[in-house]
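Taking it in order: structure first as C-alpha cells, then the write-up.
The values are calculated or read from the model by the stated rules, or taken from the named source; none is laboratory data. What you see is a predicted model, and the numbers here were worked out from it, not measured in a lab. Cβ atoms come from the backbone with ideal geometry, glycine included; neighbour counts cover every protein chain shown. SASA here: full protein model, heavy atoms, side chains in, ligands and nucleic acids out. Shrake-Rupley method; radii C 1.70, N 1.55, O 1.52, S 1.80 Å.
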Amino acid sequence: MAETTTFTNATQILEPFRGVKKVTIEEYFTSGHRTCQGCESALVMKLMVKAAGPRTIVLGSTGCMYVANTTYYTTPWVVPWMHTQLGSSGSAALGTAAGLKALMSKGKMKAEPINVIAFCGDGGGADMGIGAISATLTHKEYNSLILLYDNESYANTDIQLSGMTPYGAHTTFSPPGKAKRLIHTRWKKNMAGMMAAGHPECRYVATVCASYAVEMMNKVRRALTIGGPTFIHSLDPCPKGWDYDPMLSHELGELAIETGIFPLYEVEDGRVKYYGKTKAIVEGRARKPVREYLLKQGRFAHFIEEDLAYFQAKVDEMWQTWEIPAVVPFKRLDATKAALEAR
Ligand SMILES: Cc1ncc(C[n+]2csc(CCOP(=O)(O)OP(=O)(O)O)c2C)c(N)n1
Ligand code: SF4
Ligand SMILES: [Mg+2]
C-alpha cells in the first residue's frame, strides 16, 4: 500500500550546474535511436532529461523525436516516456500533472515531486498544438514543462514548411523555381515571446540552443524548480532539413545566436533577462552578418544579394525598434518615449 502523505505543489530543487565538470554523468536518453547523424534535436532530448534527472516522466508528440526514438521495440528513453498525438503536448503535460496530483492526493501514490516534461516539434507545437500549450500555461496549480524543439520544418514527414520555417527557405512545400525564386515569404513566428507575453500565470519562459549545453540544461533545471506551467523554445539545427554537413550542427547553433537571429533570453516572473552571447550583443557587441549563417545551409542556396539584404534588414529592425529587442514586437510609441525621457 502506498504511503499517504499530504500532496503539495513542491518541485524538485535542481540547482544549476556550475560548469561542465559539475554536470552529472548519468544518462536517461541513451543508445537505441535512429536520428540522423548530427541531429541537434536528439542532443536536446539527451540534455533535457539529463538536466531533469531520474524522477521524470517524458511525453512527446509525433515527429522525429517520437518516430526515430521508438522504432520496433527499441528506445533510448530510460525514464518513463509516452507518445501523444501531434497537437497534444500541452494536453499531455497538463493531464499527466493532474493525474499524478490526484493519485498522490488520494494516497494511491507516494507523494513526491515528479518532473513532467512534454516536448513537441515546431509543427506539433507552434502550429497544430498552440491552443493546448496556451491552455496548459494558464494552469498554475500543475507543475509541467513544455519544451518545443524547433528544427524549423515538419521534418519527420520530409521537411514541409511550418510557421517556424525562416523566410525564403527551401522546403518540400517551398521549392525555389525559375518563375518564382522565393515561395515562402512569411517571417517566422515569435513563439517564446508570444508565450511569455500572453500567459500571466506562467512564471518561466526561456529560449535555448544546445550549442550552449550547460546553459541549456540550467534553463531546464530552472523551469522545473520554479514550478507551475513553464515553456522552453530550443532552436535545433537539422542537417537533413537545413541541408548542410552534419559536422556543422554546433557551429550553426552558435551562428544563429551570434547573428542575433535567435536571441537567448529567459522571462522569469515577468522580467526579461538576456544571457550568453545575446547578453553581450544587448550590451553593445556587434552582431555577425546573417549571410555567415544563411549561406552555410543548402536551404538558402538560391538566395541572391537582395534576399540576404532583406533578411538582414528584418533582423536589424528586430534589434533596433522592438520594445524589448527581439522579444516583444510592439513598436515603442513616440509619446511613450517622450514621456519616459521627460521624467
Ligand atoms: C494530426 C496529424 N497530422 C499529420 C500527421 C503526420 N505527421 C507525423 S510527424 C509530422 C511532422 C511533425 O513536425 P514537427 O512537429 O515539427 O516535428 P519534426 O518531425 O520536425 O520533429 C506529421 C505532419 C500526424 N501524425 N498527425
Ligand atoms: S530530419 Fe532533422 S530533426 Fe529529424 S532526425 Fe534528422 S536531423 Fe534530426
Ligand atoms: Mg519540426
Among residues of the range 71-96, those that are open to solvent by 40 Å² or more (accessible area, probe 1.4 Å) and not in a helix (DSSP H, G or I), counted: 11
Can you name every residue in the range 44-67 that is open to solvent by 20 Å² or more (accessible area, probe 1.4 Å) and either within 15 Å of ligand 3 (Cβ to nearest atom) or of a type in the set (S, T, N, Q) (or both)? THR62, CYS64, TYR66, VAL67
Here are some residues: ALA197, ALA135, ALA155. Which one is buried (at least 19 other Cβ atoms within 10 Å of the Cβ), small (Gly, Ala, Ser) and touching a residue at least 24 places away in the same chain (Cβ under 8 Å)? ALA155
Conditions first: (1) open to solvent by 30 Å² or more (accessible area, probe 1.4 Å); (2) away from ligand 1 (no atom under 16 Å from the Cβ); (3) touching a helix residue (DSSP H, G or I) at 6+ places or on another chain (Cβ under 9 Å). ASP243 passes all but one, so which condition is the exception? (2)
Which number in (1) out of contact with any Pro (no Cβ under 9 Å at 6 or more places or on another chain); (2) open to solvent by less than 40 Å² (accessible area, probe 1.4 Å); (3) away from ligand 2 (no atom under 16 Å from the Cβ) marks the one condition that GLY168 misses? (1)
Any hit, the range 68-75, residues being more than 16 Å from ligand 3 (Cβ to nearest atom) and modelled with pLDDT of 95 or more: no
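Per-residue answers, yes or no, for (1) part of a helix (DSSP H, G or I); (2) more than 13 Å from ligand 3 (Cβ to nearest atom); (3) closer than 18 Å to ALA192 by Cα:
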site	(1), (2), (3)
SER134	yes, yes, yes
TYR142	no, yes, no
LEU145	no, yes, yes
GLU152	no, no, yes
SER162	no, no, yes
ALA169	no, no, no
Scanning the range 213-243 for residues that are over 15 Å from the mean Cα position of the chain (by Cα) and within 16 Å of ligand 3 (Cβ to nearest atom) gives PRO239, LYS240, GLY241, TRP242, ASP243
Return only the number of the condition from (1) within 16 Å of ligand 1 (Cβ to nearest atom); (2) modelled with pLDDT of 95 or more that ILE57 does not satisfy. (1)
